[in-house]
Amino acid sequence: MQQQTFFGGNEDRPLASRMRPRTLEEFAGQGHLLGEGKILRQLIDADRISSMIFWGPPGVGKTTLARIIANRTKASFIDFSAVTSGIKEIRGVMEQAEKNRMFGEKTILFVDEIHRFNKAQQDAFLPYVEKGSIILIGATTENPSFEINSALLSRCKVFVLNALSSEELVALLHTALEDTRGFGGQSIVIEETLLEMIANFANGDARSALGTLEMAVLNGRREGGTTTVERGLLAQCISKKSLLYDKNGEEHYNLISALHKSMRNSDPDAAVYWLARMLEGGEDPLYIARRLIRFASEDIGMADSRALQLAVAAYQACHFLGMPECDVHLTHAVVYLSLAPRSNALYQAILAAKKDAAERMAEPVPLQIRNAETALMKELEYGKGYLYAHDTEERLTAMDCLPESLLGRRYYLPGEQGSEARAKQRLEAIRAWKAEQKKVECAEP
């Protein structure tokens, strides 16, 4: 049974559905694609659409744009959902498209949420795209590089749709209040600041913004034919923002990258913000703690060895307490790591050593540092020439421990930051002493 709305009629569709743009002129945002002279606008105006992928967050108009194309094209347009269709349905549509091609008619196939198709289902499109039987338009909220088969992706142009700005969303809300498809003709009182609150809450999502406005208006205070939306009511409607965050998708990697690079740039405010974004999105705190442990050695290292201790302690605290209590321990670690002195010398050392280990011949371990566990090993001079550092006054020897072809190779190159400056002085003194001992040994008859 249809529900009577307060503004009259039996319309029960959501406001976002009623306000769906019908033309490019009504379409909000995406000026970088649809502005005058832009490539996608030219393709649509000329009805020369080729296979393409629309990639962007929810509520930015991917499906709407496909429907606008459907209304402007002379081709047969088929709307297809990846949620409800399988290979059988794909093949049926493809056969019809092939028949259309034989009669000289183009077929545009729009696939919503194309990332939900598995590899086999995506492969079913490939021969028909190659032959030109269909022009494929896919819509996805996920990074096509991860979710679309490379063979299919290489035959499609990817257009990135951006989240709408707050200004664009406010303009859209004004249109909904004035248009007869929305609340036009009704007396609605809502402050501009409240529209801005809705726009900020929607986080670039037009559907969310219109849905919030609709909820606020339908529950507003009515008096004498006028509906007033009050701040307290709106606060209830936007009490909790649902953040876009896929723990297995691109945003996961974007946010952990933002956290790392903010700490690396010694910006604790930005680092704490990105930490909060990840936690609010439902990220596993132990995953974050593991990344902080890595950061402590990769970006700080010997400049402040306490950073590693603190990061490990934060991991243990997260393990003991869990969310939400452990958020302060992660914040403690993130701020400490952001302010600690920097050195990537350990990271560079292992990179250089791994490169040599992978690319050079597998050098034998020098005899003097091998263990002579058996009589045969002793006979083969395993351990011969080994010098026990603790037997010397300096607790040092000039014995070589690298393979002969790598003698003199330097992997660890300490910097001047924090505690590493002392490590550098110590290492330089050790190397100078060993070099002097080598001269003495060479000078002996």
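Being outside any helix (DSSP H, G or I) and touching a Leu at 6+ places or on another chain (Cβ under 8 Å) is the filter here; which residues of the range 284-323 pass it?
Residue satisfying the conditions is Met323 alone.
Looking across the range 385-402, just one residue is among the polar types (S, T, N, Q) and under 52 Å from the mean Cα position of the chain (by Cα), and that is Thr397. Within the range 302-321, being of a type outside the set (S, T, N, Q) and farther than 14 Å from Arg290 by Cα holds for Met302, Ala303, Asp304, Arg306, Phe320, Leu321. One residue stands out in the range 155-179 among those that are among the β-branched types (Val, Ile, Thr) and outside any strand (DSSP E or B): the one that is most open to solvent (accessible area, probe 1.4 Å), namely Thr175.
For the range 311-365, filtering for residues that are closer than 22 Å to Ala423 by Cβ, open to solvent by 70 Å² or more (accessible area, probe 1.4 Å) and among the small types (Gly, Ala, Ser) leaves 0. For the range 187-197, the criterion of being closer than 22 Å to Arg13 by Cα and surrounded by fewer than 22 Cβ atoms within 10 Å (Cβ to Cβ) is met by at least one residue. Lys378 meets all of the listed conditions (1) basic (Lys, Arg); (2) surrounded by 11 or more Cβ atoms within 10 Å (Cβ to Cβ); (3) within 50 Å of the chain's Cα centre (by Cα); (4) at pLDDT 80 or above but one, namely (3). Evaluate the following for His329: is it modelled with pLDDT of 95 or more and out of contact with any Phe, Trp or Tyr (no Cβ under 8 Å at 6 or more places or on another chain)? Yes: the conditions hold for His329. Within the range 202-239, being modelled with pLDDT of 85 or more and closer than 25 Å to Thr63 by Cα holds for Asp205, Ala206, Arg207, Ser208, Ala209, Leu210, Gly211, Thr212, Leu213, Glu214, Met215.
Selection over the range 201-215 of residues that are surrounded by 21 or more Cβ atoms within 10 Å (Cβ to Cβ) and not in a loop (DSSP other than H, G, I, E, B) gives a count of 7. Scanning the range 403-419 for residues being over 13 Å from Tyr347 (Cα atoms) and of a type outside the set (D, E, K, R) gives a total of 8. Do we have any residue at all in the range 232-244 that's open to solvent by less than 10 Å² (accessible area, probe 1.4 Å) and over 30 Å from Leu43 (Cβ atoms)? Checked against the condition, which is being open to solvent by less than 10 Å² (accessible area, probe 1.4 Å) and over 30 Å from Leu43 (Cβ atoms), the range 232-244 yields at least one hit. Can you tell me which residue is farthest from the chain's Cα centre (by Cα) among those in the range 403-425 that are in a helix (DSSP H, G or I) and exposed (fewer than 11 other Cβ atoms within 10 Å of the Cβ)? So the residue we want is Glu404.
In the set (1) more than 30 Å from Arg264 (Cβ to Cβ); (2) among the β-branched types (Val, Ile, Thr); (3) assigned to a helix (DSSP H, G or I), Ile350 fails one condition alone, (1). I'd like to check something: does the range 385-394 contain any residue that is touching a residue at least 40 places away in the same chain (Cβ under 8 Å), surrounded by fewer than 11 Cβ atoms within 10 Å (Cβ to Cβ) and not in a loop (DSSP other than H, G, I, E, B)? Scanning the range 385-394, I find no residue that is touching a residue at least 40 places away in the same chain (Cβ under 8 Å), surrounded by fewer than 11 Cβ atoms within 10 Å (Cβ to Cβ) and not in a loop (DSSP other than H, G, I, E, B), so the answer is no. Does Ala372 fit the bill of being of a type in the set (A, V, I, L, M) and either modelled with pLDDT of 85 or more or open to solvent by 70 Å² or more (accessible area, probe 1.4 Å) (or both)? No, not satisfied.
The set of residues in the range 288-301 that are within 19 Å of Pro341 (Cβ to Cβ) and open to solvent by 50 Å² or more (accessible area, probe 1.4 Å) contains only Arg294. For the range 56-72, indicate whether the set of residues that are farther than 23 Å from Gly211 by Cα and polar (S, T, N, Q) is non-empty. Yes, the range 56-72 contains a residue that is farther than 23 Å from Gly211 by Cα and polar (S, T, N, Q). Selection of the range 247-287 for residues being open to solvent by 50 Å² or more (accessible area, probe 1.4 Å) and polar (S, T, N, Q) yields Asn248, Asn254, Asn265, Ser266.
The values are calculated or read from the model by the stated rules, or taken from the named source; none is laboratory data. Quick caveat: nothing in here was measured; it's all calculated off a predicted structure. As a convention, Cβ positions derive from the backbone with ideal geometry for all residues, glycine included, and neighbour counts pool all protein chains shown. Accessible surface areas use protein heavy atoms only, side chains included; no ligands, DNA or RNA. Shrake-Rupley method; radii C 1.70, N 1.55, O 1.52, S 1.80 Å.
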